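Have a look at the structure below before the remarks.
The values are calculated or read from the model by the stated rules, or taken from the named source; none is laboratory data. None of these values were measured; they are calculated from a predicted model. Every residue, glycine among them, receives a Cβ derived from its backbone with ideal geometry; neighbour counts consider all protein chains shown.
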Amino acid sequence: TKDNYNNTIQVYYNANGFIDKIYDTANRYLKFVYTINAGVSRIITATLFDNTGSGAANQLIYTLNESYNSSTSSYYLSSITDALSRTTSYNYSNYTSIVTINSTTPTYNKPAISLTNVTAPTGAFTEFSYTDKTTTYGPSGIATYKAVSQSVKKLSSGASTQLQVTTYSYQNSN
């Protein structure tokens, strides 16, 4: 891809269809390495390589960890570790989204996950509460899903003092 100033970004993929490298105009590139333990976890590491002769060292940008959720048959973000080895962790809970098409009988139960909390590298902790919502699906169907109703930030997961509470509301019930 080339912009109006003749800068280019080139993306290369590996044999599995994942991004392998992303080059910029200065010939710097991000290299992605995938470590896959099928049905359990995936680790994606991104490293910046500087081929410009500027003397900058190759630098680990981040390591992304994904865990496999057998209920949803998919991977989800479980943590990110940055170049300074600071880790942010994510936790989820399972729920079932129900889609009804042209009848009142559920026709499709779709396993889903909702983010329950995030732990920052400092130990700061944010937890999320949800409310059940419905939306129209097609001409006469409906789908249920979870919508964030509140987030609570604390100094740590065991702390009782709430630093910030944010309540979310939605314009309509659909």
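Give me a count of the residues in segment 108-148 that are assigned to a strand (DSSP E or B), of a type in the set (S, T, N, Q) and closer than 30 Å to residue 82 by Cβ. Reasoning before the result, please.
Just the residues of segment 108-148 that are assigned to a strand (DSSP E or B), to begin with: 108-119, 125-137, 141-148.
Cutting the leftovers down to of a type in the set (S, T, N, Q) gives us 109, 114, 116-117, 119, 126, 129, 131, 134-136, 144.
Still in the running and closer than 30 Å to residue 82 by Cβ: 114, 116-117, 119, 126, 129.
Total meeting the criteria: 6.
Which count do you get for residues in segment 22-66 that are more than 23 Å from residue 6 (Cα to Cα), polar (S, T, N, Q) and either at pLDDT 85 or above or in a strand (DSSP E or B) (or both)?
Within segment 22-66, residues that are more than 23 Å from residue 6 (Cα to Cα), polar (S, T, N, Q) and either at pLDDT 85 or above or in a strand (DSSP E or B) (or both) number 8.
Which pairs turn up if I take residues in segment 13-25 that are closer than 14 Å to residue 35 by Cα and look for partners that are in a loop (DSSP other than H, G, I, E, B) with beta carbon separation below 8 Å, at least 6 apart in sequence or on another chain?
20/14
Sort out which residues of segment 117-133 are surrounded by 14 or more Cβ atoms within 10 Å (Cβ to Cβ) and not acidic (Asp, Glu), and write them in order of number. Reasoning before the result, please.
Within segment 117-133, the first condition is being surrounded by 14 or more Cβ atoms within 10 Å (Cβ to Cβ), and the residues that meet it are 117-121, 124-130, 133.
The answer is 117, 118, 119, 120, 121, 124, 125, 126, 128, 129, 130, 133.
Could you say which residue among 146, 154 is farther than 23 Å from residue 96 by Cβ and either within 23 Å of the chain's Cα centre (by Cα) or in contact (Cβ under 8 Å) with a residue 40 or more places away in the chain (or both)? First the steps, then the outcome.
Values: 146 fails: farther than 23 Å from residue 96 by Cβ.
Answer to the selection: 154.
Filter segment 62-97 for residues that are exposed (fewer than 14 other Cβ atoms within 10 Å of the Cβ) and charged (D, E, K, R) and give the result.
82, 86
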